[in-house]
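Have a look at the structure below before the remarks.
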Amino acid sequence: MEYLDLITNLALLVALCVISGFVDRRWPRNTWLGAGMQGFLFGMVVIIGMLRPLVLGPGLIFDGRTVMLSLCALFFGPRAIGIACLMALVCRASIGGAGIVMGFATIFSSSAIGLAAHYLIRPWDQTPSTGRLYSLGLIVHSVMVALMFTLPGEAAWATFKRLALPVILLYPLATILAGKILADALSTIQAAAIIRESEERYRLLYDASLDAVLLTAPDGKILSANPAACSLFGRAERELISIGREGIVDSTDPRLIPALEERQKTGKFHGELRFKRADGSTFDGEISSSFFHNRHGEIQNGMVIRDVSQRKKIEQDLIKEKNFNQTLVEHSPVFFVAIRPDGKTLMMNQSMLSALGYTRTEVIGADYIRTFVPESDRHNVEDVFYRLIRYSMPTINENYVLAKDGSRILVEWHGLNIVAENGDIDYSIGVGIDVTQRKTAEDALADSEALYRKLFEDHSAVKLLIDPDTGAIVDANHAAETFYGWPRQTLKRMKISQINTLSAEEIKKQIEAARLYGRNHFEFQHRRASGDIRDVEVFSSGISIKGKIYLHSIIHDITDRKAAQEKVGKLKDELERKVADRTAELEKTIAELEELNRVFVGRELKMAELKKRIEGLESQDA
């Protein structure tokens with residue numbers, strides 16, 4: 001009789017579990033409302049079970065509450081079991097009786113064990129197996145049997161003997177049955193969610209795809225088209241459906257018939273065809289097409305179309321750029337050489353081939369270092385290659401390259417690695433410039449600079465190099481340092497106006513005269529570090545340095561010479577004054593003599609005249 005009553009109670013509760021699936025589909029269990037609804041449902045099922053129990057005595061009842069509470073905790077978690085457990089406690093308290101302590105204890109124990117199983121089994125990740133459901137039922141009801149000894153007096157032992165075996169036999173089986181109903185409902189919900197998610201993903205991919213997607217029948221009828229297809233062909237979906245394949249594919253394309261034959265034969269096709277837009281323009285499209293069976297078993301065709309006209313234009317541009325780069329490399333006067341990591345020559349441009357006297361066939365695959373590098377430079381070049389491969393850093397070096405006839409060319413190399421997608425070095429590129437002539441020019445320049453230093457810095461004459469635009473002293477030799485008393489570095493930070501006593505405006509005029517009119521000789525007064533002023537004679541000439549004209553000035557100290565000249569001038573003036581005085585005296589004496597002579601001559605003439613008159617008188621008297 002006990003078995004039949006227990007089975008009836010458990011069957012009622014198990015049947016009520018079916019309602020949980022409907023609630024779960026309407027209000028998902030992972031929401032507060034869904035969990036609350038499940039808790040309320042299981043609480044009501046437990047109450048119904050407690051209102052139709054197996055009665056052993058006043059207040060001593062047995063029902064399937066432990067099965068329901070443990071499964072509620074297992075499948076729906078703490079929020080649902082909290083509500084169901086509270087409802088069960090209230091109902092059991094209202095019944096009262098000798099079994100109230102055991103009733104409360106079984107409610108708490110089954111809820112706690114089910115909640116522990118919730119976190120251990122994780123039914124939302126994996127549906128509980130029959131074995132796990134049986135183990136849960138066995139543990140819950142083993143604890144329930146043990147709690148029978150909380151009954152007062154002889155009722156504990158009597159109840160144990162009467163119900164322990166039925167509980168251990170039937171309740172775990174009821175747990176399996178009700179658990180499977182709940183698990184199947186959960187699996188159905190999860191499967192439906194997966195299907196919905198899959199459909200949403202498909203719809204998202206279908207609608208958001210940048211490529212045109214068409215669903216067609218084998219005869220070419222278009223069943224649906226995504227927004228990208230409508231945009232690509234310039235037509236609404238209903239237009240595409242109405243015109244079918246013939247309205248979008250260029251029937252004159254010779255690739256169409258072979259494509260249809262291949263798809264018919266293999267069930268799929270991938271290639272390029274020419275398509276038509278609504279405005280009549282055509283474009284090349286890359287198409288992937290394959291047959292599949294829908295859920296009704298009908299054959300349909302999925303087609304993905306991508307406009308590759310822009311890509312083909314880019315490819316053509318890339319080919320042009322590649323050809324341009326190849327032409328640039330081949331005919332550039334700069335040397336280009338590509339070397340594999342094993343040291344073999346992979347490529348050499350025409351300029352380098354011509355300079356070395358080799359043909360392309362002779363250099364491809366040749367050991368670069370042993371073929372083209374003189375033995376004296378090999379160690380340094382090997383070290384450069386090691387650093388280039390080891391550290392993958394750009395390198396710069398100079399070394400001689402051997403020509404076929406044995407002559408040597410000095411080349412400045414710039415090296416870098418070309419790395420493959422997997423990170424390995426594919427090959428190394430060397431870009432070289434023939435610097436043989438430059439090196440010769442640099443050596444000549446170095447000799448010229450050494451000569452300049454010797455003629456300028458070490459010359460005994462005082463020399464300054466002056467910027468005519470600013471008056472800045474660009475350079476000064478050792479003799480200038482000694483003469484002016486300032487260190488050379490100080491002189492090179494000064495301007496000529498700090499030395500020349502003329503005004504800045506007058507100095508500028510003199511510099512302009514030297515630069516524009518070829519005047520090259522000046523006399524100035526220069527100030528020295530000690531403060532004394534020296535008379536100098538300056539010879540300036542323009543020289544070009546890196547395209548700029550500077551004044552190269554040679555300075556001679558003429559202070560002593562000018563002093564001597566002034567002294568000679570004074571002596572000359574004194575002599576001239578004395579000569580003038582003496583001349584004046586002589587002129588006065590001569591004048592006096594001339595006056596005296598005139599007097600004497602007049603007297604002589606008068607005497608001659610008297611004598612003549614006397615002689616005339618004497619002749620008359622005779």
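Overview of results
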{"quantity": "Net charge, residue 111 excluded, C-beta distance under 13 Å - Lys, Arg +1, Asp, Glu -1", "calculated": "+3"}
{"quantity": "Stokes-Einstein D (µm²/s) once Rh is taken as the Kirkwood radius of the range 454-569 over alpha-carbon pairs, at 10 °C in 1.306 mPa s", "calculated": "110"}
{"quantity": "Rounded FRET efficiency, nearest 0.05, which uses the C-beta distance separating residue 412 from residue 119 and R0 of 51 Å", "calculated": "0.10"}
{"quantity": "Extension gain (nm, one decimal) between residue 420 and residue 157, 0.36 nm per residue minus Cα-Cα", "calculated": "86.4 nm"}
{"quantity": "Accessible surface of the chain, 1.4 Å probe, proportion on carbon and sulfur as whole %", "calculated": "59"}
{"quantity": "On Cα atoms only, tilt of 309-331 relative to the major axis of the chain in degrees", "calculated": "40"}
{"quantity": "On Cα atoms only, tilt of 256-266 relative to the major axis of the chain in degrees", "calculated": "40"}
{"quantity": "Nitroxide proxy distance, nm - points 7 Å out along Cα→Cβ at residue 130 and residue 224", "calculated": "4.0"}
{"quantity": "Separation between Cα centres of the range 543-588 and the range 30-46, rounded to whole Å", "calculated": "128"}
{"quantity": "Net length gained if the chain between residue 256 and residue 508 were fully extended (0.36 nm per residue, minus Cα distance)", "calculated": "82.0 nm"}
{"quantity": "Nearest-ten-degree value, helix 375-391 long axis tilted from longest Cα axis of the chain", "calculated": "40"}
{"quantity": "In order through the range 548-563: 3J(HN,Hα) via Karplus (6.51 cos²θ - 1.76 cosθ + 1.60), integer Hz, x for Gly, Pro", "calculated": "10, 8, 10, 9, 8, 10, 10, 10, 10, 7, 10, 4, 5, 5, 5, 5"}
{"quantity": "Highest average packing first - 462-472, 169-179, Cβ atoms within 10 Å", "calculated": "169-179, 462-472"}
{"quantity": "Accessible heavy-atom area order of 124, 27, 157, highest first, probe of 1.4 Å", "calculated": "157, 124, 27"}
{"quantity": "Sorted peptide list for 536-542, 283-289, 69-75, criterion being average Cβ within 10 angstrom, highest first", "calculated": "69-75, 283-289, 536-542"}
{"quantity": "Protection-proxy order for peptides 498-504, 437-443, each taking the mean of Cβ atoms within 10 Å per residue, highest first", "calculated": "498-504, 437-443"}
{"quantity": "Length gained when the stretch residue 346-residue 501 is fully extended (0.36 nm per residue, less Cα-Cα span)", "calculated": "48.7 nm"}
{"quantity": "Accessible area expressed per residue, the range 136-180, with surrounding protein chains retained (probe 1.4 Å, Å²)", "calculated": "45"}
{"quantity": "For the range 391-442, accessible area per residue (1.4 Å probe, heavy atoms of protein chains only), Å²", "calculated": "61"}
{"quantity": "Kirkwood hydrodynamic radius of the chain, Cα pairs, Å", "calculated": "40.1"}
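The values are calculated or read from the model by the stated rules, or taken from the named source; none is laboratory data. This is a predicted model, so every value here is computed, not measured. No Cβ is skipped: glycine too gets one built from the backbone with ideal geometry, and neighbour counts run over all protein chains shown. All accessible areas refer to the heavy atoms of the entire protein, side chains included, with ligands and DNA or RNA removed. Shrake-Rupley method; radii C 1.70, N 1.55, O 1.52, S 1.80 Å.
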